[in-house]
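What follows is a set of notes on a single structure, which appears directly below.
Any read-out appearing in this document is the output of simple, stated calculations on the displayed coordinates, not a laboratory observation. All values derive from a computational prediction rather than experimental measurement. When we count neighbours, we look across all protein chains shown, and the Cβ atoms used for this are built from the backbone with ideal geometry, even at glycine.
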Amino acid sequence: MKRYKGCINPECDAFKEQTKYKEENLYCPNCGCKLEYVCKDCHKALEDDSDAFCKHCLAKRHDRFQKVKDIGVAVGTTLLAVAGTAAAMLSASDTEDTPKGEK
Ligand SMILES: [Zn+2]
Ligand SMILES: [Zn+2]
């Protein structure tokens, strides 16, 4: 997973604007402070460099992922139902000789 560095100097605009820097950048071009790996979501310095998100945001994302999966299943079922209805309507209009409403 791609990680980002950020300035963690509270006085710095790069911190306030949560500017993300590439891993190869060592120092903040704005204030000269050493850049730290920061959470992609909340821009907090990471205690553990092995992930792109802090533990808090990881947990949050996991929750969201779980929800998205649930919604995906629900949407899939709805789509199937809608497709079934549409197919039924199509075949009905094929067999019935529907008047076109002329005159
Ligand atoms: Zn800075
Ligand atoms: Zn975070």
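Numbers at a glance
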| item | result |
| --- | --- |
| Loop-resident sites, the stretch 1-55, for trypsin sites (Lys or Arg not before Pro), counting at most 14 other Cβ within 10 Å (DSSP) | LYS2, LYS22 |
| Charge context of MET1, other residues only, Cβ under 10 angstrom, K/R +1, D/E -1 | +2 |
| MRE, 222 nm, helices only [DSSP H, n ≥ 4, -39500 (n - 2.57), over the chain, to nearest 500] | -15500 deg cm²/dmol |
| Using alpha-carbon coordinates, inclination of helix 55-95 to the longest axis of the chain, degrees | 20 degrees |
| Kirkwood Rh and Cα Rg combined as Rg/Rh, the chain | 1.47 |
| Cleavage-rule hits (GluC sites (Glu not before Pro)) in the chain: DSSP loop, at most 10 neighbouring Cβ within 10 angstrom | GLU11, GLU24, GLU47, GLU96, GLU102 |
| Shape category assigned to the stretch 1-53 from the gyration tensor of Cα positions, a/c cut at 1.5 | prolate |
| The chain, relative contact order [Cα under 8 Å, separation at least 6], % | 19 percent |
| Which of ILE8, ILE71 has the fewest Cβ neighbours within 10 Å, and the rest in rising order | ILE71, ILE8 |
| Length added when fully stretched, LEU80-CYS33, from 0.36 nm per residue minus Cα-Cα | 11.4 nm |
| Phi to ³J(HN,Hα) by Karplus 6.51 cos²θ - 1.76 cosθ + 1.60 over the stretch 25-30, Hz, x for Gly, Pro | 6, 9, 10, 5, x, 8 |
| The chain, dipole about Cα centre (Lys/Arg Cβ +1, Asp/Glu Cβ -1), debye to the nearest 20 | 260 debye |
| Likely footprinting exposure, LEU80, LEU46, fewest C-beta neighbours within 10 Å first | LEU80, LEU46 |
| Extension reserve of the LYS55-ASP70 stretch, reckoned as 0.36 nm per residue once the Cα distance is removed | 3.1 nm |
